[in-house]
Amino acid sequence: MKKLCLLGLAVGLASLPVAADSKTAPIENKDAFIAHLMKQMTLEEKIGQLRLISIGPEMPRELIRKEIAAGNIGGTFNSISRPENRPMQDAAMRSRLKIPMFFAYDVIHGHRTIFPISLGLASSWDMDAIGRSGRIAAQEASADSLDITFAPMVDISRDPRWGRTSEGFGEDTYLVSRIAKVMVQAYQGKSPSQADSIMASVKHFALYGAVEGGRDYNVVDMSPVKMYQTYLPPYRAAIDAGAGGVMVALNSVNGVPATSNTWLMQDLLRKDWGFKGLAVSDHGAIFELLKHGVAKDGREAAKLAIKAGIDMSMNDSLYGKELPGLIKSGEVPQSDLDNAVREVLGAKYDMGLFKDPYLRIGKAEDDPADTNAESRLHRAEARDVAKRSLVLLKNEKQTLPLEKSAKIAVVGPLAKAPIDMMGSWAAAGQPAQSVTLFDGMSRALGDKGQLVYARGSNITTDKKIVDYLNFLNFDAPEVVDDPRPEQQLIDEAVQAAKQADVVVAAVGESRGMSHESSSRTDLNIPETQRKLIAALKATGKPLVLVLMNGRPLTIGQEQDQADAVLETWFSGTEGGNAIADVLFGDYNPSGKLPITFPRSVGQVPMYYNHLTIGRPFTPGKPGNYTSQYFDEENTPLYPFGYGLSYTDFSLSNMALSSTTLNKSGKLDASITVRNTGKRDGETVVQLYIQDVAGSMIRPVKELKNFQKVMLKAGEEKVIHFTIDENDLKFYNTQLKYVAEPGKFNVQIGLDSRDVTQQSFELL
Ligand code: NOJ
């Protein structure tokens with residue numbers, strides 16, 4: 001114990017690797033320092049650096065420490081506290097070269113304080129709020145000894161069948177790219193070497209969100225133009241913002257798994273984009289090269305991966321085993337190994353670990369007595385961000401906001417669901433610390449109004465689905481049924497509704513339904529909950545649906561039945577309070593959808609900026625050989641960018657400063673936005689551009705800018721957007737990024753559907 005404490009205190013030269021105190025390699029010179037260190041490394045020590053290992057049945061704590069001390073492990077993931085990680089760093093300091101370990105974790109939307117899931121964060125369209133969530137996540141994670149996160153996850157997702165839609169920031173290239181940059185800067189702060197920063201590793205490179213059929217881990221087959229234009233820019237934005245790492249996707253890209261894809265990993269990422277950081281495989285992905293059918297055995301898989309440029313092998317089973325032989329036989333050149341080792345050491349250097357291996361671990365005597373202590377949470381910030389992420393989808397007859405003096409029936413399987421509130425990938429979040437909808441509402445009411453609770457239904461009555469969800473990801477079953485018969489639950493809720501002035505029903509998905517490996521063919525709210533909604537509707541009481549879900553759901557019928565609908569995603573530790581803030585009007589909702597809501601699953605993929613076609617659907621003219629579904633309306637249920645407020649906003653006086661734009665010039669697009677209602681509120685003014693006739697087909701519109709504006713009741717502001725040639729560029733058939741002269745439509749709206757338009761000509 002004493003020894004551990006001493007090692008824990010070691011932040012000076014005594015703990016530095018051999019190379020650090022060498023006269024020939026001052027630590028200030030990264031390249032020279034690493035080159036000098038590498039000269040001293042044996043083959044085994046080099047390979048050890050490429051192995052990223054998690055504590056588990058095959059790698060118990062004692063064994064992992066032994067392996068670290070022997071120089072056989074470069075970093076761990078999933079061990080998330082200082083007392084857990086300190087002994088491992090101590091072990092590294094006992095190794096021959098004292099190369100520090102790094103400690104990684106999936107800090108996606110918060111660490112101990114859980115913020116809304118990424119899709120919710122994106123719904124805020126509030127870069128400041130999103131950035132704050134990322135910074136706090138970094139502070140909390142680094143205070144728990146973590147050095148690097150596998151985030152941001154910036155996979156564009158246009159197929160809500162994909163369960164990981166919840167983990168990304170939606171469908172739009174521009175919005176996701178903006179958020180990618182903000183998140184990287186938030187995690188890394190001024191530098192990933194700061195004690196309260198963590199390194200970002202953007203994922204999943206690349207195109208994971210486009211898996212065929214929305215089925216997780218499936219293939220991706222995509223035209224180069226679509227890749228460059230739509231799917232790749234967010235990763236690039238994260239890298240340009242300085243992300244130190246990249247996590248490589250599990251899917252294949254046009255026939256070659258990302259993990260062995262030299263075009264993706266070398267030509268694009270390293271050569272074209274100039275990425276100089278750490279490329280980490282996804283969990284077990286190198287072994288999966290056998291399953292993909294591109295490697296005949298483990299040896300070939302390891303060879304393909306290292307040659308493609310996978311520096312670190314997550315949950316490694318093959319690098320450690322196969323690389324020694326591959327290097328000795330010359331099948332893998334030493335330079336490939338050295339490149340990978342250099343990146344791993346470079347990342348550790350950038351994390352500040354060579355200067356101080358205990359930078360984020362700190363001293364044992366400073367360890368928090370209780371890692372889950374309330375004092376370690378950032379509740380106020382979480383509540384503030386969460387309320388900004390909520391999207392009001394419907395509000396008839398001013399059903400919302402609710403009176404605090406009302407008698408309210410709170411029903412639904414998600415009304416008292418602390419685990420679901422946090423959403424998937426909830427890092428170190430504790431369900432016991434998350435505020436449920438019921439708790440949030442009852443705190444908001446105090447002794448004024450009255451809440452009557454009834455569960456009303458289970459998440460689903462499909463036992464197979466419950467078993468799947470409970471088996472899937474979690475140690476303990478988290479979808480726990482009320483054993484009473486379905487009708488009895490509904491009847492109880494109906495009784496509660498009848499006694500109340502208004503009904504609030506928390507319905508949707510359990511968090512595991514929107515998670516890795518949780519693809520769905522059906523985007524409906526599960527049937528038993530729909531029966532509940534119908535029964536509540538039949539009471540004639542005003543009905544408010546509070547949706548909790550990690551993807552767009554097909555809620556046409558439920559929307560019709562409800563008087564008000566609030567999309568809350570999974571809104572995190574403070575979700576219940578934040579939702580109550582909106583339900584009772586203490587905060588005026590300002591969120592906008594970052595993803596289209598289809599009417600039915602058959603419309604998928606459905607996204608606002610689709611390409612133009614030769615026979616576009618003409619509303620009001622069915623059967624005229626245009627592109628349409630004859631059995632469904634041909635519009636989304638809610639378009640991208642949509643979201644209501646308790647006040648109203650109008651747009652007027654759109655103007656362009658000129659009808660022409662020179663290639664080196666700038667154009668001002670302006671519009672007056674006015675709060676025409678009686679409450680102060682925020683809205684998002686969105687700028688879209690359409691290239692009317694290009695050398696190839698172009699989207700009907702593309703988001704190019706937006707501003708979130710706060711307006712007092714009755715107030716108006718003139719909003720300005722600057723447009724220049726860069727906003728008009730696209731990847732043409734030769735993959736050249738160009739702006740072509742001709743006509744452009746500029747559209748401004750408060751969502752992507754209702755816009756006002758003006759045009760100009762690029763000369
Ligand atoms: C697999 C997931 O695909 C990835 O996103 C995650 O970072 C790793 N597991 C580590 O948990």
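Read the figures in this text as sums done on the coordinates, not as results from a lab. Since the structure is predicted, the reported quantities are computational estimates derived from the model, not experimental observations. Cβ placement follows ideal geometry from the backbone for every residue including glycine, while neighbour counts extend to all protein chains displayed.
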Integer Hz, Karplus 6.51/-1.76/1.60 couplings in order for segment 199-213, x for Gly and Pro: 6, 9, 10, 5, 8, 9, 7, 9, 6, 4, x, 9, 4, 4, x
What is segment 649-762's relative contact order, in percent, from Cα pairs under 8 angstrom and six or more apart in sequence? 32 percent
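Report relative contact order for segment 419-537 in percent, whole number only (criteria: Cα-Cα under 8 Å, sequence separation at least 6). Can you show the working numbers first?
On the way: 106 pairs, mean separation 41.7, N = 119.
35 percent.
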Can you tell me the orientation of helix 463-472 relative to the chain, as the angle in degrees between its alpha-carbon axis and the longest Cα principal axis, to the nearest 10? 30 degrees
Helix 527-538: inclination vs the chain longest Cα principal axis, degrees, rounded to 10, gives 30 degrees
With angles folded into 0 to 90 degrees, how steeply does helix 486-499 sit against the dominant principal axis of the chain? Use alpha carbons for both and round to 10. 60 degrees
Whole-Hz ³J(HN,Hα) from phi, Karplus 6.51 cos²θ - 1.76 cosθ + 1.60, for segment 602-608, glycine and proline x: x, 7, 5, x, 10, 8, 5
Which one of LEU711, SER375, ALA180 is farthest out on the positive end of the charge dipole of the chain, using unit charges on Cβ (Lys, Arg +1; Asp, Glu -1) and the Cα centre as origin? ALA180
The long-range amide H neighbours of ALA249, using H built 1.01 Å from N in the peptide plane and a cut-off of under 5 Å, are PHE205, ALA206
Check which residues have an amide H placed less than 5 Å from ALA285's amide H, if you skip close sequence neighbours. MET314
In a shell of Cβ-Cβ distance under 14 Å around LEU667, excluding LEU667 itself, what net charge do Lys and Arg (+1) and Asp and Glu (-1) give? -1
Pairwise centroid distance, computed over Cα atoms, of segment 682-731 with segment 115-177, Å: 23 Å
So what's the gap between the Cα centers of segment 58-106 and segment 417-478, to the nearest angstrom? 35 Å
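For each of PHE115, PHE721, count neighbouring Cβ atoms within 10 Å of the residue's Cβ, then give the residues from fewest to most. Before the final figure, lay out each step's value.
Numbers: PHE115 34, PHE721 21.
Placing the least packed residue first, the sequence is PHE721, PHE115.
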Residue-wise, which Karplus ³J(HN,Hα) couplings in Hz belong to segment 751-759, taking 6.51 cos²θ - 1.76 cosθ + 1.60, θ = phi - 60°, and x for glycine or proline? 7, 7, 8, 8, 10, 9, 10, 9, 10
